[in-house]
Amino acid sequence: MHTYSPLAHNSTKRHMDIIQLSKITGVSSRAIYHYHQLGLIGDRNSSLDHDRFHDEDIHSVKLIKMAMSAGFKIRDILNVIDAKHRGEQHKLDSALERLSQRFETEPDSSTGRALLTLKNELTAFIGET
């Protein structure tokens with residue numbers, strides 16, 4: 001059974017292993033394994049030799065990759081997820097405000113566009129129940 005993937009938008013039935021997820025997302029297997037160990041993606045109850053990833057993990061890995069390319073650390077992503085799970089709306093609002101401020105400094109650059117996309121993705125994530 002697939003456990004909740006904190007960055008997922010919707011669940012589907014396709015299963016894949018770490019190699020397949022790596023190929024689809026362009027993220028190394030080692031990084032995916034790290035994200036899994038942190039609880040950001042995948043089914044924590046599966047062993048490495050079984051299919052443990054699902055379609056929603058593709059979105060999650062791409063979102064993590066986007067956040068990191070925009071200068072965010074895994075710790076920042078974990079903090080947002082933790083704040084959402086704890087219902088700490090003020091922390092979520094603060095994270096979005098910081099993201100908006102960073103966007104305002106570089107609105108026309110590739111980083112600015114990445115920040116805007118990330119802000120939209122995080123806004124959708126925060127709004128999920």
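Nothing in this text is a laboratory measurement; each read-out follows from the coordinates by a stated rule. Model, not experiment: these values are computed from the prediction. Methodologically, a virtual Cβ is constructed for each residue, glycine included, from the backbone with ideal geometry; neighbour enumeration extends over all protein chains shown.
By the scheme Lys and Arg +1, Asp and Glu -1, what is the net charge of all other residues having a beta-carbon under 15 Å from that of G26?
Values: positive: K23, R30, K62, K65; negative: D57.
That works out to +3.
If I stretch the segment between N120 and D82 completely, what's the gain in nm (0.36 nm per residue apart, minus their alpha carbon distance), one decimal? Can you show the working numbers first?
Values: separation 38, 0.36 × 38 = 13.68 nm, distance 1.87 nm.
This chain segment gains 11.8 nm when fully extended.
Please report, largest first and rounded to whole Å, the three semi-axes of the ellipsoid equivalent to the stretch 71-129, where each semi-axis is the square root of five times an eigenvalue of the C-alpha gyration tensor.
21, 11, 10
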